[in-house]
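A.B. asks: My structure is below; once you've seen it, I'll send some questions.
The values are calculated or read from the model by the stated rules, or taken from the named source; none is laboratory data. Not measured: the values here are computed from a predicted model. Note that we place each Cβ from the backbone using ideal geometry, even for glycine, and neighbour counts take in every protein chain shown. Keep in mind that these areas ignore ligands, DNA and RNA; they rest on the heavy atoms of the full protein, side chains included. Shrake-Rupley method; radii C 1.70, N 1.55, O 1.52, S 1.80 Å.
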Amino acid sequence: NAGVTQTPKFRILKIGQSMTLQCAQDMNHNYMYWYRQDPGMGLKLIYYSVGAGITDKGEVPNGYNVSRSTTEDFPLRLELAAPSQTSVYFCASSYAGDYNEQFFGPGTRLTVL
Amino acid sequence: KNEVEQSPQNLTAQEGEFITINCSYSVGISALHWLQQHPGGGIVSLFMLSSGKKKHGRLIATINIQEKHSSLHITASHPRDSAVYICAVRFGMDTDKLIFGTGTRLQVFP
């Protein structure tokens, strides 16, 4: 199993550009999450999904959108990138219920200039 | 407000030392996670606790529900243990959302 995969690993965007961060998992987990990690701060939840077709906002959803058309994929869309979105983005997944250890992807480092 | 605090923020140790990292939270929780973030950035889950104590190799995690406090211990520390250790809690039973602490950066010198 590949676990949780994320692409790209690094990206530089100009202000106002858009992009999609890809996330996929092959563990048949129904819960998936997007976090951002800023220097000196704890991980913050952007959006999460409890299954295909169901998404909900986390703590810091402004400037982002998500979709969940399949169990495996959970892309994060940035519209009109801003310098405040410079961060490291982590995707994670977990199996709902008692076994809710979260498995993390390797992260995407995004810089907006 | 649901908060998670870790101490210390930074910790240095000599190889072989016993390490303790602390996590305190503000209100009742249903689960607490300890995670390790490698220098390269990858994050792995170490433990998930709702009560008592868990042990895996040289790592021991304990939680005291009444005192709203958890500790992560590393016995016989080694330079490869150098990483950021993150505490995260799940407040309540009807959510899988985690609130994360800011992490403890550990450096173990030979």
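A.B. asks: For the range B:25-45, which positions are surrounded by fewer than 19 Cβ atoms within 10 Å (Cβ to Cβ), within 10 Å of another protein chain (Cβ to nearest Cβ) and aliphatic (A, V, I, L, M)?
C.D. replies: Selection gives B:VAL44 alone.
A.B. asks: When you look at A:GLN22, is it away from chain B (no Cβ under 14 Å), surrounded by 14 or more Cβ atoms within 10 Å (Cβ to Cβ), in contact (Cβ under 8 Å) with a residue 24 or more places away in the chain and under 14 Å from the mean Cα position of the chain (by Cα), yes or no?
C.D. replies: yes
A.B. asks: Considering only residues that are surrounded by fewer than 13 Cβ atoms within 10 Å (Cβ to Cβ) and basic (Lys, Arg), look in the range B:54-105 and name the one that is nearest to A:TYR31 (Cα to Cα).
C.D. replies: Per the stated criteria, the residue is B:LYS55.
A.B. asks: Within the range A:92-104, which residues are in contact with a Phe, Trp or Tyr (Cβ under 6 Å, 6 or more places away or on another chain), within 22 Å of A:GLN37 (Cβ to Cβ) and not hydroxyl-bearing (Ser, Thr, Tyr)?
C.D. replies: Of all residues in the range A:92-104, those in contact with a Phe, Trp or Tyr (Cβ under 6 Å, 6 or more places away or on another chain) come to A:92-94, A:96, A:104.
Still in the list and also within 22 Å of A:GLN37 (Cβ to Cβ): A:92-94, A:104.
Passing the criteria: A:ALA92, A:PHE104.
A.B. asks: Given the options B:ALA83, B:ALA76, B:ALA61, name the one that is closer than 27 Å to A:GLN6 by Cβ and touching a residue at least 12 places away in the same chain (Cβ under 8 Å).
C.D. replies: Numbers: B:ALA76 fails: closer than 27 Å to A:GLN6 by Cβ; B:ALA61 fails: closer than 27 Å to A:GLN6 by Cβ.
Going through B:ALA83, B:ALA76, B:ALA61 in turn, the sole match is B:ALA83.
A.B. asks: Going by the conditions given, is B:PHE100 farther than 20 Å from B:GLY41 by Cβ, in contact with a strand residue (DSSP E or B) (Cβ under 8 Å, 6 or more places away or on another chain) and aromatic (Phe, Trp, Tyr)?
C.D. replies: Numbers: farther than 20 Å from B:GLY41 by Cβ: no; in contact with a strand residue (DSSP E or B) (Cβ under 8 Å, 6 or more places away or on another chain): yes; aromatic (Phe, Trp, Tyr): yes.
So B:PHE100 does not fit the description; no.
A.B. asks: Another question about this same structure. B:THR20: more than 14 Å from chain A (Cβ to nearest Cβ), of a type outside the set (A, V, I, L, M) and in contact with a His (Cβ under 7 Å, 6 or more places away or on another chain), yes or no?
C.D. replies: Details: more than 14 Å from chain A (Cβ to nearest Cβ): yes; of a type outside the set (A, V, I, L, M): yes; in contact with a His (Cβ under 7 Å, 6 or more places away or on another chain): yes.
When the stated conditions are applied, B:THR20 passes them.
A.B. asks: Name the strands (runs of 3 or more DSSP E) wholly inside the range B:1-106 in which the number of residues that are of a type in the set (S, T, N, Q) and within 27 Å of A:GLY105 (Cα to Cα) is 1 or more.
C.D. replies: Values: elements: B:4-7, B:10-14, B:19-25, B:31-37, B:43-49, B:52-56, B:59-64, B:69-74, B:83-90.
By residue number, B:4-7, B:10-14, B:19-25, B:31-37, B:43-49, B:59-64, B:69-74.
A.B. asks: Just checking, how many residues over the range A:25-54 are over 30 Å from B:ASN10 (Cα atoms), within 14 Å of chain B (Cβ to nearest Cβ) and aliphatic (A, V, I, L, M)?
C.D. replies: 4
A.B. asks: Shifting gears a bit: Cβ contacts < 9 Å: first residue within 9 Å of chain B (Cβ to nearest Cβ) and without any contact (Cβ under 8 Å) to a residue 12 or more places away in the chain, restricted to the range A:76-105; second residue polar (S, T, N, Q) and open to solvent by 20 Å² or more (accessible area, probe 1.4 Å), any location; separation 6+ or different chain. Result?
C.D. replies: A:GLU101/B:SER45
A.B. asks: So, in the range B:1-17, how many residues would count as being out of contact with any strand residue (DSSP E or B) (no Cβ under 8 Å at 6 or more places or on another chain) and either away from chain A (no Cβ under 14 Å) or open to solvent by less than 40 Å² (accessible area, probe 1.4 Å) (or both)? Lay out the reasoning, then the answer.
C.D. replies: If we filter the range B:1-17 for residues that are out of contact with any strand residue (DSSP E or B) (no Cβ under 8 Å at 6 or more places or on another chain), which is where we start, we get B:1, B:16.
Add one more test, that the residue is either away from chain A (no Cβ under 14 Å) or open to solvent by less than 40 Å² (accessible area, probe 1.4 Å) (or both), and what stays is B:16.
Here the count works out to 1.
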